[in-house]
Amino acid sequence: MKKIFMLSFVILLGTGFSLQAQKIRIPIKKKATEKTNEEIDKSIDEGLNKLFGKKKKKNKSGKSPAGTQSHEGGKNIDAGTAESKKATAKAWTKYDFVPGDVIIFQDNQENEQNGEFPSKWDLKEGNVEIARLGDDFVINFATTKGCRIVPLMKETGDYLPDKFTVEFDVYFSEFCTRYTVYFYDVVNQKELPENHFISISPNEVHVEGFGSTDWGDSDYPFWKHISISFNTRALKVYYGEKRGANIPNLRVNPTGITVFSRQCHQGYQAMIKNIRIAKGSKNLYDRVVTDGKFITTGIRFDSGKSTIRPESAGTLKQIFNMMQEHPDLKFSIEGHTDNVGDADFNQKLSEERAAAVKARLVEMGISGDRLVTKGWGETKPVDTNNTPEGRANNRRVEFVKM
């Protein structure tokens, strides 16, 4: 019987906002000195270690040990101009994260009520609520004291396979913002014997027991997309387009998810959004041979548009490599949507998204005569449209062998 694993992650962050009736205002950008940063990091680490009963070991050499990879950079690129968009696309060219195909938990804060507790989570302690930032709803950890929440899953017990991915967006508003990922569910499970964790700050990704990857200071505030991949025993962590950790053997079986966070300083809100957990899948070519097609939810688009998002780079690269290795393959690229909105709009959108995927692969070097496109709109769902997870699975691209 296949052994199932669960990921638990604890997020620790402090972000810089003023909150008025759950409506968040972004403050002036701030930058911290290295000395102050280290002092705050130390105090946060001591608080976490006290909370979870584990003393953090220091890496005296200051170098990343075997199993981690160092990368340069760390500043977020402004995507507002054509020049910066090209720079953003170039920055993501080495990104190789591929999300799982079947989404089992999705929370983009849709249909939430401002000021209420997030409906897809359970609370262990603290003060957590839905807040509004611009046009977006976010999960706000509204206190300097520790807050712990766990996702409400459809299944109980070990519900994750040996291959799965976790993604979420975080907001860094000041130097001491931090996210820590623990591998057990603090509400329903006991602490693991090997209490490894992932700690993510504006300038560092740290995996307890394996060391850290550092990059330079950043200007605040900024959003960053975090991606975690677990494959039987191997762990990878991505900070935006950069790979911050590559652990061949984590030496622990994840058993649950806990999100821990707090404000680093009062009035600087800690927030996350767009959390997604997905099951992994077998090799693309094996799926083509077995099923005559493969389905991906890893090609992401801007909402209501056919603009391909940067975090799609890993999935597109995987498809490109397979087609390069098997030059006889030809595909019909077929776009699908959920049933939200007008059916005619969704039909046109699915066609435009399929065409955008073809254009990107041709741009990467695949001959255009190996690809045709088609859109099905909302007419061929593979899951229910009554849940966020189901709608996310229905928003997909299929590659059907010709």
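The values are calculated or read from the model by the stated rules, or taken from the named source; none is laboratory data. Everything quoted here is computed from the prediction, not taken from an experiment. Because the Cβ atoms are built from the backbone with ideal geometry, glycine has one as well, and the counts that use them run over all protein chains shown.
Selection of the stretch 140-165 for residues being in a loop (DSSP other than H, G, I, E, B) and modelled with pLDDT under 80 yields 155, 156, 157, 158, 159. Does any residue of the stretch 292-311 turn out to be more than 28 Å from the chain's Cα centre (by Cα) and more than 17 Å from residue 96 (Cα to Cα)? Yes, the conditions are met somewhere in the stretch 292-311.
For the stretch 110-131, state whether one or more residues are aliphatic (A, V, I, L, M), modelled with pLDDT of 50 or more and more than 21 Å from the chain's Cα centre (by Cα). Scanning the stretch 110-131, I find at least one residue that is aliphatic (A, V, I, L, M), modelled with pLDDT of 50 or more and more than 21 Å from the chain's Cα centre (by Cα), so the answer is yes.
Just one of the listed residues (253, 246) is assigned to a strand (DSSP E or B), surrounded by fewer than 21 Cβ atoms within 10 Å (Cβ to Cβ) and assigned by TED's automatic domain parsing to the domain that holds residue 125, namely 246. Just one of the numbered conditions (1) of a type in the set (D, E, K, R); (2) out of contact with any His (no Cβ under 8 Å at 6 or more places or on another chain); (3) crowded, with 18+ Cβ neighbours inside 10 Å is not true of residue 233: (3).
Residues that are outside any strand (DSSP E or B), under 19 Å from residue 183 (Cβ atoms) and touching a Gly at 6+ places or on another chain (Cβ under 7 Å) within the stretch 204-238 comprise just one, 210. Per the listing 175, 137, 168, the residue uniquely part of a loop (DSSP other than H, G, I, E, B) and either assigned by TED's automatic domain parsing to the domain that holds residue 263 or within 24 Å of residue 99 (Cβ to Cβ) (or both) is 175. Pairs, please: C-beta under 6 Å, at least 6 apart or cross-chain, first residue more than 15 Å from residue 260 (Cα to Cα) and in the stretch 127-141, second of a type outside the set (A, V, I, L, M) and in a strand (DSSP E or B)? Qualifying pairs under 6 Å: 130/137; 131/140; 132/23; 138/273.
Being in a loop (DSSP other than H, G, I, E, B) and either touching a residue at least 40 places away in the same chain (Cβ under 8 Å) or crowded, with 18+ Cβ neighbours inside 10 Å (or both) is the filter here; which residues of the stretch 102-118 pass it? Across the stretch 102-118, the qualifying residues are 108, 109, 110, 112, 114, 115, 118. Taking the criterion of being small (Gly, Ala, Ser) and either under 25 Å from residue 189 (Cα atoms) or without any contact (Cβ under 8 Å) to a residue 24 or more places away in the chain (or both), the residues of the stretch 255-269 that qualify are 256, 261.
Every residue in the stretch 256-278 that is touching a Lys or Arg at 6+ places or on another chain (Cβ under 9 Å), closer than 21 Å to residue 230 by Cα and either at pLDDT below 90 or not assigned by TED's automatic domain parsing to the domain that holds residue 207 (or both), please. Matches in the stretch 256-278: 258, 259, 260.
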